[in-house]
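This report refers to the structure that appears directly beneath it.
All of the numbers you see were taken from the coordinates with simple rules; none came from a lab. A quick note: this is a predicted structure, and the numbers were derived from the prediction, not measured. For neighbour counting, all protein chains shown are included, and Cβ atoms are generated from backbone atoms with ideal geometry for every residue, glycine included.
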Amino acid sequence: MPWFKKAKKPKPVRGPLRSTVPEGLWVKCEGCKEVIYSKELTKNLRICPKCSHHFRIGPTERIDLLLDDGPRSELFSDIRPVDALGFSDSRSYRDRLKSYQRRLGVKDAVSVLTGEIEGLPVVLAVMNYLFMGGSMGSVVGEKITLAAEEALERRVPLVVVSASGGARMQEGVLSLMQMAKISAALARLADARLPYVSILTDPTTGGVTASFAMLGDVNLAEPGALIGFAGPRVIEQTIRQSLPDGFQRSEFLLEKGFLDLVVERSEMKATVARCLRHLAAGRPAQGRPAEGRPAEGRPAEGRRTAGQRSA
Ligand SMILES: [Zn+2]
């Protein structure tokens, strides 16, 4: 007889009750805790029909949401990341990259496309949070820089949709360098007076917020998106104060002047188009730098430089 050991009772066999509802048919809303029919959510652009909570969406849905149905082509899709620093147990970084690439069918955390938004040609970059938390390594930095240069060459606006946990730890300083590199490319775009619209989605943090995500001529965000540099826990520990309600959410940032607009997902395309038309209208053809020739040496008006905003 076991005196010191508890005899384990055999686990009861689960009845069919648990498996009658297929996985993923219903989704619980993080906003109102209501249970929503998955198909209804998809039909509603993944916005909760009860409380308007914006669920995260992937890059494919995002691209379809923003670009017209007309011709679009993906650029720089063959650029792949390398483990340049031999990250301590580098095998794991390499393996992780491989597994993400296999699972998601992309090489890294951003896609760059050309297409049109309400008939206006643009270069669009969309970050993918599912790929290593949308972290910015050398590939993300290079592709967004190339996207800005492509926009410059085609003389069309640049639109970037951010969703990122920040710089990619496994690429160390090479990740941090990207902040300066992209900012410099955006400054050239500003010199040529080409619009840059930044769309911040849930979540946009770290080095991405501290560089290109906050450098738009117009900075738009989705409702309720987490936007910040360091996380709230780190800030609370550092300043030894509790943070106000809604801290680091879009609405809070709008109120404090960090954003220009908080835009419902269903209104995003129309709003971006309106901003682009407005910015294009403010770019008089006469008396200003000739088409195709950027105005060298003149400070960009109306755009903050990276140094002013970097944390
Ligand atoms: Zn809800």
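Going by the alpha-carbon gyration tensor, a ≥ b ≥ c the square roots of its eigenvalues, is region 154-211 rounded (a/c under 1.5) or, if a/c is not under 1.5, prolate (a/b greater than b/c) versus oblate? Oblate is the answer for region 154-211, as a/c is 1.5 or above yet b/c matches or exceeds a/b.
A simple spin-label model places pseudo-atoms 7 Å from Cα toward Cβ; at R102 and C51 they are separated by 3.8 nm.
Classify region 161-255 from the C-alpha gyration tensor, please: rounded if a/c falls under 1.5, else prolate or oblate depending on whether a/b exceeds b/c. Verdict is oblate for region 161-255. Oblate is the label for region 57-288, because the ratio a/c of its alpha-carbon gyration tensor axes (a ≥ b ≥ c) is 1.5 or higher and a/b is not greater than b/c.
For S138, S99, what's the fewest-to-most ordering of other Cβ within 10 Å of each Cβ?
Numbers: S138 19, S99 10.
Least to most surrounded, the residues fall as S99, S138.
How much FRET efficiency would the formula 1/(1 + (r/R0)^6) give for E255 and I79, where r is the Cβ-Cβ distance and R0 is 35 Å, rounded to 0.05? If you can, show how the numbers build up before the last one.
Numbers: r = 39 Å, r/R0 = 1.10.
The computed FRET efficiency comes out at 0.35.
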